[in-house]
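Here is the structure we will look at, set down as structure tokens.
The values are calculated or read from the model by the stated rules, or taken from the named source; none is laboratory data. Just so it is clear, the model here is predicted, and its values are computed rather than measured. Note that we place each Cβ from the backbone using ideal geometry, even for glycine, and neighbour counts take in every protein chain shown.
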Amino acid sequence: MTYKDLNTKEKIEHIWEYYRHTIIIGTILIISFISIFYNIFIKPHPNLFCGLAVYNYHLPISQIDEITNELNNKFNLDPTKSTIEIQSFYTDDSDPLTEVNLNQKFDTYIYSSQFNLIFTDLDNTNSFINSGYVSRLDEYLTKEEISSLESQNKILYAIDPYSNEKTPMAVNIKGSKLLNEYNIYKDKDCYLSFVPMPNEYTENTLKVFREFLK
């Protein structure tokens, strides 16, 4: 009996039997894409003051809200009009599909300029530098600021993939007052770096960046 000889029900059963994994994966990817597209481009949002990506570190929603509120208050922001947004990109799920969806979401947010700073560990920071996701520090910080951070051994130097020069690319913010307040990373090294961004975000992003340096 060939496929053409099957009735409608048998054809559906045949397709499900042999292609169910493809169908399930495709459905999940489509739903994820629609959700991301809606949240970024359709869902009403207050103006973005500064976006911060926390990558590969578990930051509970309650803690994200607390830090967001503290920073909004610090800069006298009305969250209905302008707000700092913190996005956590973390999963403890070993399923490769979950990891793919997480990275797809991260890439989508990067290319739509939904965050301006990346906060993560050394390995991921180096990975983002090599991928061209991270801007040189000297594009945003003054020579005096870089020199001061350098004297504190806080600068991460790496090869800029665009210029092939060894240059300051990230700052180790271990011991930051803000991190200690919320018990984030505890005594571990963690790095803050800039994402290439439209000029209108620069001033606000620097304010948030410097707050993490305190």
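Could you please let me know if I36 is surrounded by 15 or more Cβ atoms within 10 Å (Cβ to Cβ), at pLDDT below 90, closer than 30 Å to I184 by Cα and β-branched (V, I, T)?
Yes; evaluated as a whole, the condition is true for this residue.
Being among the acidic types (D, E) and either crowded, with 17+ Cβ neighbours inside 10 Å or not in a helix (DSSP H, G or I) (or both) narrows it down to one of D65, D92, D123, D138, so name that one.
D92
Take the conditions touching a residue at least 60 places away in the same chain (Cβ under 8 Å) and either assigned by TED's automatic domain parsing to the domain that holds E85 or touching a strand residue (DSSP E or B) at 6+ places or on another chain (Cβ under 7 Å) (or both) and apply them to Y201. Does it pass?
The answer is yes for Y201.
The rows are residues; the columns are (1) of a type in the set (S, T, Y); (2) touching a residue at least 40 places away in the same chain (Cβ under 8 Å); (3) under 19 Å from N183 (Cα atoms); (4) touching a strand residue (DSSP E or B) at 6+ places or on another chain (Cβ under 9 Å).
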site	(1), (2), (3), (4)
I61	no, no, yes, yes
P96	no, no, no, no
Y109	yes, yes, no, yes
S112	yes, yes, no, no
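Determine which single condition S148 fails, assuming it passes every other condition in (1) in a helix (DSSP H, G or I); (2) under 14 Å from F194 (Cβ atoms).
(2)
Give the number of residues within the stretch 142-162 that are out of contact with any strand residue (DSSP E or B) (no Cβ under 6 Å at 6 or more places or on another chain) and without any contact (Cβ under 8 Å) to a residue 24 or more places away in the chain.
Summing the residues that are out of contact with any strand residue (DSSP E or B) (no Cβ under 6 Å at 6 or more places or on another chain) and without any contact (Cβ under 8 Å) to a residue 24 or more places away in the chain in the stretch 142-162 gives 10.
Out of the residues in the stretch 40-62 that are in a loop (DSSP other than H, G, I, E, B) and at pLDDT 85 or above, which is farthest from the chain's Cα centre (by Cα)?
Filtering first and then ranking leaves P60.
Which one is surrounded by the fewest Cβ atoms within 10 Å (Cβ to Cβ) among residues in the stretch 185-214 that are modelled with pLDDT under 90 and over 26 Å from N47 (Cα atoms)?
Looking at the filtered set, the residue picked out is D187.
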